[in-house]
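Since every read-out is calculated from the coordinates, none of them should be taken as a lab result. The structure presented is a predicted model; accordingly, all values stated were derived computationally and were not measured. Cβ placement follows ideal geometry from the backbone for every residue including glycine, while neighbour counts extend to all protein chains displayed.
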C-alpha cells in the first residue's frame, strides 16, 4: 500500500519537476504535514547523499521517522549535539554519523546547524582509530585491549551497555555505539578465530559475523584541543545540502550558511522565495521555486461524524484518501468505524495503510489526501522505537545473590548466604553454597541439593527470622500455610462454580456509538488493553453474570476499560454504579467518565460527602427515576436509601481497600448484576495460573505506547536545581509532587520550598492526618488551589492528576525500586513532557545497591514489561491483596517462591477433595494438567572425581552460582546441551573439571529416567542404587532384565548387591583409567541399562 501511496504522490506535477531538475537550486514552499518526507525521498532517487539541516528539533525527529517509514529502517539517521537522554534511541551516535559522512554508501542525515558547528576530532584521527577485525586474520589481542582503554571504554565483568568491554581468557566482548548488538571476539593467540553478535540480556551468541568495525566513541575520545574541525567539514562535495528556513540559519549561524555554499543546495520554507532575505536578486534568478499548495489535515477533534462527512466529500470530488494507522489493530478498528459511518463496505477511494506518518496533508495537485488516524482522534503519537541500550534491570539480576542475603532451603528453612566455598568430601574438592542459620549453625549445599534453595523474596522491607536447624518450626509453618491456602482456593473455586450456574442479563453486541467511543480514546490501545476490553464485552454479552478482575498499574488504561463497559450498559438502558474507596477517586472518576461520555449525552453524576444534603436528595431521586445513567461514589452508594431503577453493571475500584462491612453489603448488591473489579496492584501471572478458573482475570501489563517517557534525573539536594524544577512546572501551569520519606521533615521542607519559589502554594499531606483532613488537602490540590503537594509516599497508588508533571523524591535512596517505580508513575499521565528528580546525598555515601537501583530508574524512563517483570515486590503485594492479609503474613514468613510452590501443591491436592461435577471445566482441566505431569526424580551423586566450575574459568562468583543452580534444575539432555553451548560460547573451551561436571549430570539424567535414586563413584567401583519406592521397576520386569543383562555381558565386572534397605548394581571400571576414561566407561554402562 505504501508503494501505491508513493506512486500517487509522484503523479503531482511538482514531483515531475523535482525529477527533471536533478535536485539542486530548488526552493520548496507550500508544503504541509509529512509531505516534506515525500519530497526528500524523491530527491534521494537522484542524490544518494543528503544532509537536511533545520533549527527545529521537533521537525527533525518527525522527519526521520517519516523517511524511515517511506525508505525503510536505517536509511535516515538523526544527529544532534545536545538532546534529552529519553531520545537516545532516536539519535545516531557521533561515531556512526562520522562513518556515514566519510564512507561511500548512500545516506540521509537530518541535523541542526548547531550540531554541524560542533568542534570534533579530525577526520584523520577518526579514520586512524577505526579497528577492522576479520575472521581468521591476525590482530594483536593485547593491542585491541589497549585500544579499548584509549577509547575510554569501561571494563566490566559482563557487557551490558554501549562503550563496555569485558575480557575472559581469549574472549573479548565489546559493545560499541555503531553496533545494534555487542560482539564477542574469540582469539586463538593473535588470530581472530570467530566474531559473534550476542544478546546483552541472555549473553548468548545470536549470529556469526565474518568481520566487524569497531569505531571509537567520538564523544568521549580525547580530542586534540588544537583541532578546529567541525562536523560540517566532514561533508563531501557530492552531497545535496537541504536547508530548512535559510533566513533563520543565516541569521543564527552565518558560518554554517556560508560554508554550505560549497555543496549543491536546495531550500524549504514556509514563505515564498520573493520574501527571503537570504538571497539577492541575481541568486533568486538561478533558483527555481516549487509551490505545492498543500493543506494540513483538518482537525476533527475526535468527531467521527465530521470525519465521515469529510471523507464522503473528498471521495465525491474524486480524491484518493490514504488513512495511515499505527498498527494492524488500529487499522482494522478504523476501517470498521469508517465502514459503519459511511454505511458501506465498498470504499474504492479510501485506502488504509499499516504504518503511520506524523502529520497528514491534502495535495490537490495529485487529487489525494493522507490522513493519520492518531490526528483524527487527537492522540499523542510516537512511533515504537528500537531500544538501543540494554533493556533494564533483568529478572536474573534481581535474583542475583549477595553475601548476607536470605535464602530459603526447602527442608531447613531460612538461612543467610555466606558465599560459595570449596569443601573436601571423600578426598575430593568441590564447591558448595554455605548457609548460616540461627546460633551460627552452618549448612553446606552441594550440587545435588542446589534445587532445594532459592533466594528469599517478600514484600520490600520484610526481614525474615532465621530458622533453627533441627527444630520442627519450619515444617509447622509450611503445613499451616498450605492448609490455609487450600481453604481459600476451595472457597474461590466453589463460589465461581455457583456463579457460573446463575443467569443474568445478556447485553447486546457493539453499537456504532460503542465503536466511535472506543476509537476516540486519546491513547492507542495496548494489546493487553484491547484483550481486556474484548473479554469484558464478551462476559457482558453472555447470560452468566460477569465477575471479572482487571488488574494493571495506574495509568495503564483500566479506567478506559471500565468507561467502555459502562457505556455498553448505558446503550442497553441499564444503570451503572462505580464504587471507589475515597472521595478523591470519586472526583477523579467522575471527571474522566464525564469527559469521555459527554458527546453521547450520557448522564453521569457522583455522590460524596462534599455534596450538600439538598444535592444528595436530588441525585437519589434522579437515580430512582432512571434519569442518571452512571453514578460514581464511595461506600455512600451502599447506604439503604440508594435505589436504582435498573442496575445492570457494578464497577468496583480497589476492592481490597474497602472494610468488612462494605464487603458484606457488596455481596447482596452483586447478585445477578455484572461486576467488574479494578485493581492497580499487579497480580503475579503464576498466581493467576494457580487459581485459574477461580476468577476471571485480565492483566494489563503494558503501558500505553504513545505516552511520553518521563525524564528522570538523579540530583543532590541543591536549592537552585530544585527551585528551577519547581518553577519550570509552575510557569507552564502545572503542579508538583514533592515526596519525602519522613513526616518530621515536612514542615522544614515546606519553608525551604516557599523560600526558593516564593509564589509556590505548598500543601502538606501525610498518613497521620485524619481521613477528613487528608481529603480536604487533596481536594484543594485537585482543584488547583495549591500547586505543590509536599507529602509522604501516600500518593504511591491510586492518584491520577494529569496536571502534575513533575515529581521530586527526596532521599530516593531510602525507597525500594518498586516504591520508586510506583511514585514516578504518578506523573507523565498525559502527553505533556514530565520530569522525575531523585534527590540523594552525594553518591559516594550511598550503597552500591542503592546506586544501581536509582540508575536503573534513571536509565529506563520508558517502562515496559521487562521492568514490570523485575518488580517482583509489586507482585508479592498483589498476591497478598488477592488472597487477604493473613496470606501476606505467610509470604513474609516463608518467602514468595516457597509460597508459590505450596500453592501449586495445595491446588493439585484439592482435585482429590472437590467433586468434579461442581467444578468449572477449565478449572478441572487445569488441576488435571498439574497433577498428571510426570514428577522428575532427582538422583543423588557421590563421586571421587573433581567436578566444579574453576575460578580460572568463571571468575565471577555470582555467575558460577547461577550456572550451578541451572545445572541442578536440568531435567533433559536438551537443556544440558544448551548450557554446555552457552559455557563454550561465553567462557571458551571447557576445562577438565567442567567436562566431568557435565558428564556427571548426563549420567544422573539417564539414571533418573530408568528408576535409580543414587550413584556412588569411588575408586574403580561404581554403585547404582534402585529406587525402592518405584514399584514399576519390579512389576514391569525391568529388574529381571537388568539381572539378565549383567549375567550375559558384565559377569566379571558387575553384580547385583542386596541388603536390608537397598538393592544396588556394582560395576568395576578399568584400572589406572583417567577420570575422563572412567566417566566414559560409566556413561556407556548406564546407557546400555537405559535401553533395556
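Computed values, structure above
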| item | result |
| --- | --- |
| Per-peptide average of other Cβ atoms within 10 Å, ordering 206-212, 34-40 highest first | 34-40, 206-212 |
| Virtual spin-label span in nm between residue 621 and residue 197, 7 Å along Cα→Cβ | 7.2 nm |
| Per-residue Cβ neighbour rank within 10 angstrom, fewest leading, 1024, 1066 | 1066, 1024 |
| Cα gyration tensor shape for the stretch 503-686, rounded if a/c is under 1.5, else prolate or oblate | rounded |
| The chain - mean residue ellipticity at 222 nm from DSSP helices (-39,500 (n - 2.57) per run, n ≥ 4, rounded to 500) | -12000 deg cm²/dmol |
| Mean-position separation - Cα centroids, the stretch 543-590 and the stretch 603-679, in angstrom | 12 Å |
| Global geometry of the chain, whether rounded, prolate or oblate, following the gyration tensor of its Cα atoms and the 1.5 cut on a/c | oblate |
| The chain: antiparallel DSSP beta bridges as a percent of all, rounded to 5 | 40 percent |
| Tensor-based shape of the stretch 710-861 (alpha-carbon gyration tensor, a/c under 1.5 rounded, otherwise prolate or oblate) | rounded |
| Relative contact order of the chain, defined on C-alpha pairs under 8 angstrom at six or more residues apart (%) | 10 percent |
| Peptides ranked, highest mean first, by Cβ atoms within 10 Å: ranges 275-286, 48-59, 1069-1080, 620-631 | 48-59, 620-631, 1069-1080, 275-286 |
| Net lengthening on full extension, residue 713/residue 1083 (0.36 nm per residue, minus Cα-Cα) | 127.5 nm |
| The stretch 710-861: relative contact order as a whole-number percent, Cα under 8 Å and 6+ apart | 34 percent |
| Residues 669, 368 arranged by fewest to most Cβ contacts within 10 Å | 669, 368 |
| Estimated distance in nm for a label pair at residue 595 and residue 74, the labels positioned 7 Å out from Cα along Cα-to-Cβ | 4.1 nm |
| For the stretch 317-347 versus the stretch 1006-1065, the gap between their alpha-carbon centres in whole angstrom | 72 Å |
| Value of relative contact order over the stretch 20-147, rounded to a whole percent, pairs C-alpha under 8 Å and six or more apart | 27 percent |
| Residues 899, 380, 953 arranged by fewest to most Cβ contacts within 10 Å | 380, 953, 899 |
